[in-house]
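> Structure provided below as C-alpha cells; questions to follow.
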Amino acid sequence: MRLVVATRNEHKLRELGEILSGFDLVPLPPEVELPPEEGETFAANAMIKARAARAAGGGAALADDSGISARALDGRPGVRSARYAGEHATDEQNLALLIDELRDHEDRAVAYICALAYVDADGAEIVVEGRCEGELISEPRGDGGFGYDPAFVPSDTGPGDRRTMAELDPAEKHAISHRGRAAAALRRVLEAGGER
C-alpha cells in the first residue's frame, strides 16, 4: 500500500519505514505546504497534516504527531515538544530546556505519546495512539534515536535496564516506543479492512 507521509522529519520517516515494513511510504513533496499545527492534542495535529497530505497527493496519507509529557510539568511540553525551546529550536535545545526544567523536581516521570492519522484515498479517517512511559535522566546518553531519546529511560525494558531510548537497537526501540505501538495499532486496523 502506498502512503504519502506528511512529514519533513527524516528521522520520523525512516523510523516509520522500519516499523511499517511492507508499506510503500513516500515523503511529502517539497512544494506542499503543511498547515500550522494549531490543534490542542496530538491526534488533532496529526489529522490536520494527514488531511493536507491527502489533498495534495490525491491518495492515502499518513501523519504522525508526537511528543513528550512530563508529569511534574502538568504535561508540558506536550504538543509543543518539537518547538519547546523556540520555533526553530534544535532537538538538543529542546532536550536541554526540559532537563533544566525538571532539575529540581523529584518526579522524573515522562511519557512519549504518538498519534498516527490515516486518511484513505476516499477520505475515510482513522486515528490511533501509542504511549511509552519512562523517566527523564539529567545526563543524555546514546547515539541512536532523536529528539528526547538520549535522556528517556523507558519503563518497559525493566527496572535493571537503565539504557535510554538512544541506546536501544532499532528493533528493541520499535517494540516498546510510542511510535512503534501506534504503528502496530494502525497496521492491525488496516489489515482488518479499516474497521476499528
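The numbers here are math on the coordinates, done by the rules we state, and not lab data. Keep in mind it's a predicted model, so treat the numbers as computed, not measured. FYI the Cβ positions are ideal-geometry reconstructions off the backbone, even for glycines, and counts take in every protein chain you see.
> By how many degrees, between 0 and 90 and to the nearest 10, does the Cα long axis of helix 10-19 differ from the longest principal axis of the chain?
Roughly 80 degrees between the two axes.
> Determine how many Å³ per residue the convex hull of the Cα atoms of the chain encloses.
Dividing the Cα hull volume of the chain by its residues yields 115 Å³.
> Next question, about the same structure. What are the GluC sites (Glu not before Pro) within region 84-139 that DSSP puts in a loop, where the Cβ has at most 12 other Cβ atoms within 10 Å?
Numbers: sites: E87, E92, E101, E106, E125, E129, E133, E135; in loops: E87, E106.
Passing both the DSSP loop test and the Cβ count: E87, E106.
> Another question about this same structure. Listing D100, D64, D122, D91 from the residue with the fewest other Cβ atoms within 10 Å to the one with the most, what is the order? Don't skip to the answer; put the middle values down first.
On the way: D100 11, D64 25, D122 7, D91 17.
The order, fewest Cβ neighbours first, is D122, D100, D91, D64.
> Let me ask something else. To one decimal place, what orientation-averaged projected area in nm² is obtained for the convex hull of the Cα set of region 126-196?
Result: a mean projected hull area of 5.2 nm².
> With springs connecting C-alpha atoms under 10 Å apart, model the chain as a Gaussian network and identify which of Y118, Y148, Y84 has the largest mean-square fluctuation.
Result: Y84 has the largest fluctuation of those listed.
> To continue, here is another question. L97 to A192: FRET efficiency via 1/(1 + (r/R0)^6), r the Cβ-Cβ distance, R0 35 Å, to the nearest 0.05?
According to the calculation, E is roughly 0.30.
> Report, in degrees rounded to the nearest 10, the 0 to 90 angle that the Cα long axis of helix 91-102 makes with the longest principal axis of the chain.
50
> Measure nothing but the geometry: give the 0 to 90° angle between the long axis through the Cα atoms of 178-191 and the longest principal axis through the Cα atoms of the chain, rounded to 10°.
It works out to around 20 degrees.
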